[in-house]
Amino acid sequence: MNPIIRRELLEVLRTRKALLLQVGLAVGCMLLVLVRWPTSAVSDLTGARSLEVLRVFGYGLLAGILLLVPAFPATTIVREKIKGTLALLFNSPLTPASIYLGKLGGVLGFTAVLLVMTLPAAAACYVLGGAGVRGGITLLYAVLGVAALQMCTLGLLVSCRSQSTDSALRFTYALVLGIAVLTLVPHALLRGSSDLWAQLADWLRCLSPVPAVMEILGHADVGAHGMIVAESVLPRYLIMALLFSLVCALSTIALFNHQLFDRSRPAGVMTEDLSTLGQAFRRLLFLVDPQRRSGSMSLWINPVMVKEFRTRRFGRSHWMLRLVAVCAILSLGLSYVAASGALGWTIEVIGGGLVLLQIALLILFAPSLAAGLVSSERESGSWQLLRMTPLSPGKILFGKLCSVAWPLVLLLCATLPGYIVMMTVKPELGYQVQRVVVCLALTAVFAVLLSAAASTFFRVTALATTASYLALLTLCVGTLLIWLGRGAPFGHATVAAVLTINPVAAALQAAEMPGFTQYELLPANWWIIGAACLVLLVFLRFRTWQLCRPE
């Protein structure tokens, strides 16, 4: 047996977080099955109720795979690199392929343990008669196993090329979001066409496990707008996912050598040596040169905020300008689709798409920026130096929160041009846009405070970031599983009560997204999220004061 597999698997299984993940996933799947379990004594011979149970269980298990699995491979190699033990592995008799297979086997072994914990819930679906539409539970687990392999190889590749655990987690979850969700967008835009671009988009969406799981659960025609879905997605997904995993594995093995520690920084190119167009483009990206901020600080500026901006990569202006430019282009592109009517989408649907884009950006960047505010200082030992300064705990907390607030404000403002275009097309949308902006602002504040609160609990940034992602995604995405079961067995009152605590559902209801207009979530959601933000702020103030006390 590969010794690395044994070491990796035992190291993970002996931690408390592994035990919590196993119990939490098993209990979550059990609750998903129980809430859809038949309550009457009448047998359902049509199999409709059993299919409902299987669908909720399948989507919940897919969400668990996409949320829980990438965290472990994304940190395993970069953690070895930081500790200095990766060089010892390279000096051992093990080949790079053996080291990689050991790392991959350890992560897949833990993933297999997680899937085994869900077997009781799967057995309940089978006993109820939930054979599914195509292949049933056996095929569902096969697809989820391939999806786990796909995410593990992706996480190992990112971990090999990263220099810190928080950046590895950030890029891994960003790529998981892109593979699982963003690959579906070109096919949705080009659906109905028969040219080369439409065929490429059709193959690109097969890289995501979502269409394959939907086909197994009988939802292959959802979103088809009445068009017939002739070709199966499942075989193409298996081919694409396995090829993707093979490419990621070979790329990671190729990087497994001593040159991994001697990576030189690119020399760069002087601006005067570029072409006229290149010089103009570079000056556009460097409108605010980060090197110009190296002067003395004003007495009116919080020094902790400046320290965070100067030491964090995304605090540098040229990175933020690039991100803002991409978000603005996406926002204007969606608005152009709504104004031109090229795809027959209504303004409400485009508005919902803008809301989902902003929420995805908040969920992606808020934990990665705020989850390391305190944990990274404690992990590196610099919290002791910060505590010895004459700064008060309130000033330290204020500076750190402001350093996260400014980038998120820029991200939200980058998508506002899309709303301006929509209000120009339809002026009566002004009140609706105001409600959406309030929902997004409260969501941003809540995401920052929740991630910062998680940062005070953990000494390791990777754990704090993972906990923040899980908490936000459980609240914003997990509660939408109840919305999927609206009408049977959940009534209107039950769905409305659950969605009231979900800021994403409130923003979609404010945008009048189809499927959410029948629920009155505002202003109750504003009061709930606002109260939660106030509680988190008080808790953060107390924890910062507690951590700043002499030991």
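Apply the Kirkwood formula to the stretch 438-551: the hydrodynamic radius equals the inverse of the mean of 1/r over all pairs of different alpha-carbon atoms; give it in Å with one decimal.
In the stretch 438-551 this quantity evaluates to 15.3 Å.
Say each of V116 and F281 gets a label point 7 Å from the Cα, pointing the same way as Cα to Cβ; how far apart are those two points in nm?
So the two model labels end up 5.2 nm from each other.
Given the Cα-Cα distance of L238 and L177 and 0.36 nm per residue of separation, how much length would full extension add, in nm?
Answer, rounded to one decimal: 20.1 nm.
Quick one: P(r) of the stretch 501-551 from all Cα-Cα pairs, 10 Å bins, percents rounded to integers, in order of increasing distance.
For the stretch 501-551, the binned pair fractions read 24, 32, 20, 15, 8, 2 percent.
So which of K83/K307; K17/K307; K17/K103; K103/K307; K17/K395 end up more than 28 Å apart by C-alpha?
As for pairs spanning more than 28 Å Cα to Cα, those are K17/K307; K103/K307; K17/K395.
Would you mind ranking S245, S208, S232 so that the residue whose beta carbon has the fewest other beta carbons within 10 Å leads the list?
By the 10 Å Cβ count, ascending: S232, S245, S208.
Coordinate-derived values only; no laboratory data. The shown structure was predicted, so the numbers you read here are calculated from the model rather than taken from an experiment. Quick reminder, even Gly has a Cβ in these numbers, built from the backbone with ideal geometry, and neighbours come from all protein chains shown.
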